[in-house]
Amino acid sequence: MSDAKTEAKSKGGEKSDASEYDAYFELVQSRKKLSPSLQEKLTAAFSRIPVSSFPQVPRGKVIEIQADTTISDAVKVLSESNILSVPVKSPDATDSTDWKERYLGILDYSTIVLWVLETADLAAAALTATSATAAGLGAGAASTLGAVALGATGPVAAAALTVAATGAAVAGGMAADKGMGKDAPTAADVLGEDFYKVILQEEPFKSTQVKSIVRSYRWAPYIPVSTDSSMLSVLLLLSKYRLRNVPVIEPGNPMIKNFITQSAVVQGLEQCKGRDWFDSISMHPITELGLPFVSKDEVVSSQSNELVLEAFKKMKDNQIGGLPVVEGPTKKIVGNLSIRDIRFLLLKQKLFTNFRMLTVKDFMNTIATTSEDNKKVISPITCKLGSTLEEVISTLSSKCVHRIYVVGDANDVIGIITLRDVISCFITEPPNYIMEVQGCTVDELLSKENSRNSG
């Protein structure tokens, strides 16, 4: 099954197996119209570049959190550090030299917000009695959020709003247990200001921990590489094996030293413009490289009049990070929706108070009116079939986006090119090539990961 079909057919967060990865990569290689000798030379070159040569993350240190960190504290770390994901460390393995025991996985900001929204019906149960106190909260917990967050700006406001939403979700669980949840769906349609008066100050609100969601909401496996591994292994993990980021550890030391992401690799490729090996591939029109791998019939999209929660659900069900927003039977593109945009549902009170009835179009319009930067967030990034790979890479890098939509003459979506697809254009997998991570092959790690998550 190709990556395109994986995006279109995957249901309920099913995990991909090795055969799907092989099928995608075989499809990519069969469609590239490049000299075999050129591809072999490039692959050999990447195999000689050590991972340790890749630039370090900002500040030179990877920020980590413990598995027993509360969700609210995790959001504060993400917001104050201006990062979107963080490794989750098991508190029971502080002295272990085995990375498989040291880390549970990677927690993404969108994971937290998605969890909050999925429990919002329960949160609404706490509001059916019209006040936090009636739902069983102590007077201390029903403090005013306005003084804490709505009057603040930047990371503090972002953290506090999510803290409040998380608190309300847990409060809803209490209310449902008390038999007060029968009107929850109705109450969840329009969440009033009482929702913003719940804050994590008392039990059980402050006890919700990241370990309870980091595995159940994880889309990609956690597979690190060593500093002495080759960049070819990293590129294969980011392309063939569909990882969005690859942690880097030192041999004999399980601590994460660096992160290599799809975005960082493509930005690095863009800086190679002018070098013979890069130009010899990037000068080609995308069609000569077999792009787009995700074709018109396989594109997962959202109509602008659909509910925004349905659009985010499509992303989760199909394990994709974004989709085009289209209108009409011709699917003319009018916008772009990313899983990361889900954060606006919590950061914008106008959006959150009506999130269950909010259409994709209303969601995008509200975001666009808040700032020019946010307007750019939901604007579609497109290219044509005649575009070169160099133009696509330049757009992806300069716009800091993960996908570009291929459009026809009527501005209809006829394909998608992702960061994964771009990386795949530059490498092949040598015959009988086996990637090992601390004594285990990638296929073995994937099998163990799938067994653990399905158990």
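The values are calculated or read from the model by the stated rules, or taken from the named source; none is laboratory data. All of these numbers come straight from a predicted model, not from anything done at the bench. Neighbour counts run over all protein chains shown; Cβ positions are idealised from the backbone, glycine included. The protein model used for the area step is the full one, side chains on, heavy atoms only, and it has no ligands, DNA or RNA in it. Shrake-Rupley method; radii C 1.70, N 1.55, O 1.52, S 1.80 Å.
Determine, yes or no, whether Leu289 is modelled with pLDDT of 90 or more, touching a Lys or Arg at 6+ places or on another chain (Cβ under 7 Å), hydrophobic (A, V, I, L, M, F, W, C) and under 24 Å from Leu238 (Cα atoms). Judged against the criteria, Leu289 is a match.
Annotation note: Cβ proximity below 6 Å between a residue of the stretch 238-260 that is among the acidic types (Asp, Glu) and a residue that is in a loop (DSSP other than H, G, I, E, B) (sequence gap 6+ or interchain) occurs for Glu250/Thr227.
Annotation: Asp373 fulfils all but one of (1) open to solvent by 50 Å² or more (accessible area, probe 1.4 Å); (2) part of a helix (DSSP H, G or I); (3) touching a residue at least 24 places away in the same chain (Cβ under 8 Å); (4) not basic (Lys, Arg); the unmet one is (3). Among the residues of the stretch 386-406, those identified as within 18 Å of Ser301 (Cβ to Cβ) and either touching a residue at least 40 places away in the same chain (Cβ under 8 Å) or in a loop (DSSP other than H, G, I, E, B) (or both) are Val401, His402, Arg403, Tyr405, Val406. Is it the case that the stretch 39-56 has a residue that's part of a loop (DSSP other than H, G, I, E, B), out of contact with any Lys or Arg (no Cβ under 7 Å at 6 or more places or on another chain), open to solvent by less than 70 Å² (accessible area, probe 1.4 Å) and over 14 Å from Val234 (Cβ atoms)? There is no residue in the stretch 39-56 that is part of a loop (DSSP other than H, G, I, E, B), out of contact with any Lys or Arg (no Cβ under 7 Å at 6 or more places or on another chain), open to solvent by less than 70 Å² (accessible area, probe 1.4 Å) and over 14 Å from Val234 (Cβ atoms).
Looking only at the stretch 309-339, which residues are modelled with pLDDT under 90 and touching a helix residue (DSSP H, G or I) at 6+ places or on another chain (Cβ under 6 Å)? Phe312, Met315, Asn318, Ile320, Gly321, Ile339 - these are the residues of the stretch 309-339 that are modelled with pLDDT under 90 and touching a helix residue (DSSP H, G or I) at 6+ places or on another chain (Cβ under 6 Å).
Take the conditions (1) in contact with an Asp or Glu (Cβ under 9 Å, 6 or more places away or on another chain); (2) surrounded by fewer than 18 Cβ atoms within 10 Å (Cβ to Cβ); (3) at pLDDT 90 or above; Lys11 misses just one of them, which is (3). Scanning the stretch 261-306 for residues that are in contact with a Pro (Cβ under 8 Å, 6 or more places away or on another chain) and among the β-branched types (Val, Ile, Thr), we see that the one that is farthest from Ser338 (Cα to Cα) is Ile286. Considering the stretch 57-98, the residues that are of a type in the set (D, E, K, R), crowded, with 16+ Cβ neighbours inside 10 Å and in a helix (DSSP H, G or I) include one that is modelled with the highest pLDDT, namely Asp73.
Can we say Leu309 is outside any loop (DSSP other than H, G, I, E, B), touching a Lys or Arg at 6+ places or on another chain (Cβ under 9 Å), farther than 28 Å from Leu337 by Cβ and among the hydrophobic types (A, V, I, L, M, F, W, C)? Spelling it out, it is not the case that Leu309 is outside any loop (DSSP other than H, G, I, E, B), touching a Lys or Arg at 6+ places or on another chain (Cβ under 9 Å), farther than 28 Å from Leu337 by Cβ and among the hydrophobic types (A, V, I, L, M, F, W, C).
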